[in-house]
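Some notes on the structure that comes next.
A short reminder: the numbers here are calculations on the coordinates, not readings from a lab. Since the structure is predicted, the reported quantities are computational estimates derived from the model, not experimental observations. Neighbour counts run over all protein chains shown; Cβ positions are idealised from the backbone, glycine included.
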Amino acid sequence: MNISSQNFVLIALIGIAGGLLSGLLGLGGAIIIIPALVMLMGFSQEMAQGTTLMMMVFPVGAMAAFQYYQKGFVDIKAALIMAVFFFISGYFGAKFATQIPQEILKKSFAIMLVTIAIKIWIQK
């Protein structure tokens with residue numbers, strides 16, 4: 001993909017929004033960056049998901065997580081257990097996602113976001 005200076009700025013702003021909201025609320029990739037890449041940049045659902053995963057390979061919130069760690073808000077054992085299983089299951093999830101039609105993937109993604117939003121909204 002040839003990134004123009006206008007696209008560079010938009011992609012940078014998407015990254016900034018994702019990073020700020022990730023550090024502030026613990027969200028970013030799925031809720032902010034993927035929809036922004038699809039709706040604002042015209043990425044396919046698969047391209048947005050793959051690009052977001054690649055973006056998070058190293059930083060995956062390292063600086064934000066460090067801030068939480070410094071304040072005592074990180075359970076290292078739980079994080080390591082989840083990381084191992086996330087690593088393994090992420091491979092299989094990506095393998096499956098790249099083999100199903102984009103429309104099904106996009107609708108599944110939307111259903112997941114709405115379900116999570118409703119649950120958070122009504123929970124006490």
Once the dipole of segment 5-122 is set up with Lys and Arg at +1 and Asp and Glu at -1 on Cβ about the Cα centre, which of M55, I104, A36 lies farthest towards its positive end? I104
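Per residue Cα convex hull volume for the chain, in cubic angstrom? Mind dumping the intermediate values first?
Numbers: hull volume 16.5 nm³, N = 124.
Residue-normalised Cα hull volume stands at 133 Å³.
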Helix-only CD estimate at 222 nm, as mean residue ellipticity for the chain, using -39500 (n - 2.57) per DSSP H run (n ≥ 4): -24500 deg cm²/dmol
Dipole in debye (nearest 20) - the chain, about Cα centre, beta carbon charges: Lys, Arg +1; Asp, Glu -1: 300 debye
Compute a Gaussian network model of the chain, connecting alpha carbons closer than 10 Å, and tell me which residue from K77, K95, K107 fluctuates the most. K77
Going from the alpha-carbon gyration tensor of segment 70-117, what semi-axes, largest first and in whole Å, does one get by taking the root of 5 times each eigenvalue? 29, 17, 6
Work out how much length I16 to F85 would gain on full extension: take 0.36 nm times their residue separation and subtract the Cα-Cα distance, in nm to one decimal. 22.0 nm
Under DSSP H, which helices of the chain have Cα atoms covering 27 Å or more of the helix axis and a Kyte-Doolittle average no less than 0.0? 5-25, 76-97, 102-122
Specify the residue with the greatest mean-square fluctuation among A62, A78, A36, computed from a Gaussian network of the chain linking alpha-carbon atoms under 10 Å apart. A78
Just A17, A30, A83 to compare: in a GNM of the chain, with alpha carbon springs under 10 Å, which one fluctuates most? A83
